[in-house]
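Everything on this sheet refers to the single structure shown next.
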Amino acid sequence: MMRRRDLLKGLAAASLVATVGRGAAAEDPVEGDADVEYLLVQNAEGVVLQDGRLTLKGVAPHTLYFSDRPDRIVGRTTTKAYVDHWSVGKNNFAADPPNAVLAILHGSEPQDVVVVLQNPRLEGANLVYDVEVLDGSDTAAGGASSLFIDVIGRPATPLSVAGVHRRERRRVTRAVVR
């Protein structure tokens, strides 16, 4: 019998392969080429979001990362290393917190929440963030989940979550002004 987590991981892997094709593995996205933009994915067995706190229950021991073309780099780093590197380097997440989309499998209906991630910490098998909800419910819970973390180093790029929300805000502002 396939568990939901295995199904979600399989779907994430399939979409990753379809998106980036065959890529070379990199040792560490934080230490890599400054011109390469990485997206990160964290999978968990369950999730709870409430009171400005996001808990990924039973978080996977590795955080996936990948880059877009032309580099097509794909790899894994330990989730512990990801947390340890949070405030390292010039364009670190502590100085400029990333946006992320939390995709939760809850019954037959998926639920998505866009958040700003801050202050990650491992608490046993769980990864906990302080969050600001940008879009979606500020309380949520469910089973298997994936957290898709925005571009490292360039959160203002047009295809980043921040870029999409910035364009959306501009459109709303223009519509209101007219």
How would F148, F93 line up from fewest to most surrounding beta-carbon atoms within 10 angstrom?
F148, F93
Hz values of 3J(HN,Hα) by residue in the stretch 70-87 - Karplus curve (6.51, -1.76, 1.60), Gly and Pro given as x:
x, 6, 6, 8, 9, x, 9, 10, 5, 5, 4, 4, 4, 5, 5, 8, 3, 10
Among L105, L147, rank each residue by its count of other Cβ atoms within 10 Å, from fewest to most, as a rough exposure measure.
L105, L147
Once amide H atoms are placed 1.01 Å from N in the peptide plane, what residues at a sequence separation of 5 or more from G46, or on another chain, have their amide H within under 5 Å of its amide H?
K57, S145
Please compute the contact order of the stretch 39-138 in relative form: average sequence separation of alpha-carbon pairs under 8 Å and at least six residues apart, divided by the residue count, as a percent.
26 percent
Have a look at Q111, A100, A125 and report the one farthest towards the positive end of the charge dipole of the stretch 94-147, computed about the Cα centre with Cβ charges (Lys/Arg +1, Asp/Glu -1).
A125
So the pair-distance distribution of the stretch 53-110, from every Cα-Cα distance in 10 Å bins, comes to percents of 17, 41, 34, 8, 0
If we count other beta carbons within 10 Å of each Cβ, what is the order of K57, K80, fewest first?
K80, K57
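Read-outs throughout are calculated quantities, based only on the coordinates presented, and are distinct from any laboratory measurement. On a predicted model such as this, the values are computed, not experimentally measured, just so you know. Backbone-built Cβ (ideal geometry, glycine too); neighbour counts: all protein chains shown.
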